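Notes for the one structure printed next.
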């Protein structure tokens, strides 16, 4: 039961992250006086990494574990590059999509 809740939290956080990553650049075009804050991306990364750590402890499927951690690595590279070099790499989109996919597969694999 706990893993199902973690998957729901993970799916929600990854979807919010993906929406943030897609919508926010569009908002920057409109002169609202807002700017990109990479610490928001870092917050999504930390939430996602915490959930993935807890979920993958209970998973026996190696390729699903790999998909979870590969997605976190892709997001980490993108966020780290943005924090250090102020360059936005679109790996974050692939990482968020990978997390959503992995959580949905894990959620469907639970015995109800």
Of everything in region 76-89 that's closer than 18 Å to residue 16 by Cβ and without any contact (Cβ under 8 Å) to a residue 40 or more places away in the chain, which residue is surrounded by the fewest Cβ atoms within 10 Å (Cβ to Cβ)? 76
Filter region 58-86 down to the residues that are closer than 19 Å to residue 108 by Cβ and in a loop (DSSP other than H, G, I, E, B) and list them by number. 58, 59, 60, 61
Closer than 17 Å to residue 102 by Cα, surrounded by fewer than 16 Cβ atoms within 10 Å (Cβ to Cβ) and touching a helix residue (DSSP H, G or I) at 6+ places or on another chain (Cβ under 9 Å): which single residue out of 54, 62 fits that description? 54
Quick check on this structure: which one of 74, 46, 91, 83 is touching a helix residue (DSSP H, G or I) at 6+ places or on another chain (Cβ under 8 Å) and under 26 Å from residue 5 (Cα atoms)? 74
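Does residue 34 satisfy being at pLDDT 85 or above, outside any helix (DSSP H, G or I) and in contact with a helix residue (DSSP H, G or I) (Cβ under 7 Å, 6 or more places away or on another chain)? Break it down stepwise before answering.
Numbers: at pLDDT 85 or above: no; outside any helix (DSSP H, G or I): yes; in contact with a helix residue (DSSP H, G or I) (Cβ under 7 Å, 6 or more places away or on another chain): yes.
No, not satisfied.
The values are calculated or read from the model by the stated rules, or taken from the named source; none is laboratory data. The structure displayed is predicted, hence computed values, not measured ones. Note that we place each Cβ from the backbone using ideal geometry, even for glycine, and neighbour counts take in every protein chain shown.
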